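Only one structure is covered here, and it is reproduced in the block below.
The values are calculated or read from the model by the stated rules, or taken from the named source; none is laboratory data. Since the structure is predicted, the reported quantities are computational estimates derived from the model, not experimental observations. Because the Cβ atoms are built from the backbone with ideal geometry, glycine has one as well, and the counts that use them run over all protein chains shown.
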Amino acid sequence: MEKEMVIKIIEERCPFARESGMRVRDVSDEGAVTITMEENENNLNAFGITHAGPICGLAETTGGAALMKYLDPREFILLNEVLNIRFIHPARGTLKCSVRVTDEEFAALTEEVVANGRADKAMDLKIFDTEGTLVAEAQATFRIMPTPPEYRKFFE
C-alpha cells in the first residue's frame, strides 16, 4: 500500500485516530512507521494526564499501520488480538510511537496466510512524550486474514 493510503486510512477513514489527534509522520520504504498523537483535551483524564485509552489506541494504531503498509484492505483484514501495556510515566503533550516490520517478516506472514488462512504477528511498541521520556511499553499481536465480504465495502 502506498504511503498516502496509509495516511488516508489513519487520518481520514478512522474516526478514533482522527478524533484522538493521530498523525502519520513517517512510512518508510524500510517498513518503519511513526505516528504521533497531538495533545488533545479530549484525551485527558481528570488530572490533566493523557488517559490510558488513547495511549493504547496509539500503540495499536501504529502497530497496525506498520502491517497495513503491506496490505490491500480489500483482500486482507488486520485485527488486534492481544494488547498488553505497561504505563511507566505520566503522559502529557504530543506522544510518539514507532515500529518497523521488514519486507522479510511480512513475506513470512504472507506465506503463513496462504498456507493456513491466517497469520499472527507479535510486536513490541514504545510510546514517548515530546521530551523523549518513555511513557508506556506495549506488546501487541495482530491477526492477518482474508477480508470477509461484509468488510470489503469500506474500501471500494
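Taken over segment 58-94, the residue count meeting the criterion of being assigned to a helix (DSSP H, G or I) and under 11 Å from R143 (Cα atoms) is 2. Residues in segment 23-39 that are aliphatic (A, V, I, L, M), under 25 Å from D103 (Cβ atoms) and out of contact with any Asp or Glu (no Cβ under 7 Å at 6 or more places or on another chain): 2 in all.
Need pairs with beta-carbon distance below 8 Å; first residue of a type in the set (D, E) and within segment 28-45, second in a loop (DSSP other than H, G, I, E, B); sequence gap 6+ or separate chains. From segment 28-45, the pairs are E30/T102; E38/G21; E38/T94; E39/G21; E39/R92; E39/G93; E39/T94.
Annotation: of all residues in segment 95-114 being outside any strand (DSSP E or B) and in contact with a helix residue (DSSP H, G or I) (Cβ under 9 Å, 6 or more places away or on another chain), the one that is surrounded by the fewest Cβ atoms within 10 Å (Cβ to Cβ) is F106. Just so you know, in segment 115-156 the residues that are acidic (D, E) and in a strand (DSSP E or B) include one that is surrounded by the fewest Cβ atoms within 10 Å (Cβ to Cβ), and it is D124.
So for segment 37-51 (the condition being under 19 Å from T130 (Cα atoms), hydroxyl-bearing (S, T, Y) and more than 10 Å from the chain's Cα centre (by Cα)), does at least one residue qualify? Looking through segment 37-51, at least one residue is under 19 Å from T130 (Cα atoms), hydroxyl-bearing (S, T, Y) and more than 10 Å from the chain's Cα centre (by Cα). Checking each residue in segment 72-87 for being surrounded by fewer than 13 Cβ atoms within 10 Å (Cβ to Cβ) and either aliphatic (A, V, I, L, M) or in contact (Cβ under 8 Å) with a residue 60 or more places away in the chain (or both) picks out D72, E75, L79, E81, V82. Going through (1) farther than 25 Å from R152 by Cα; (2) surrounded by 16 or more Cβ atoms within 10 Å (Cβ to Cβ) one by one, E41 falls short only on (2). Which condition breaks for T62 when tested against (1) under 21 Å from S20 (Cβ atoms); (2) in contact (Cβ under 8 Å) with a residue 60 or more places away in the chain; (3) in contact with an Asp or Glu (Cβ under 9 Å, 6 or more places away or on another chain); (4) of a type in the set (V, I, T)? T62 satisfies all of (1) under 21 Å from S20 (Cβ atoms); (2) in contact (Cβ under 8 Å) with a residue 60 or more places away in the chain; (3) in contact with an Asp or Glu (Cβ under 9 Å, 6 or more places away or on another chain); (4) of a type in the set (V, I, T) except (3).
Is it the case that segment 16-35 has a residue that's at pLDDT 95 or above, among the aliphatic types (A, V, I, L, M), farther than 24 Å from P146 by Cα and not in a strand (DSSP E or B)? Checked against the condition, which is being at pLDDT 95 or above, among the aliphatic types (A, V, I, L, M), farther than 24 Å from P146 by Cα and not in a strand (DSSP E or B), segment 16-35 yields no hits at all. Considering each residue of segment 66-75 in turn, none proves to be more than 23 Å from P146 (Cα to Cα) and in contact with a Lys or Arg (Cβ under 9 Å, 6 or more places away or on another chain). Taken together, E131, E137 contain a single residue that is under 17 Å from the mean Cα position of the chain (by Cα) and more than 27 Å from D72 (Cβ to Cβ), which is E137.
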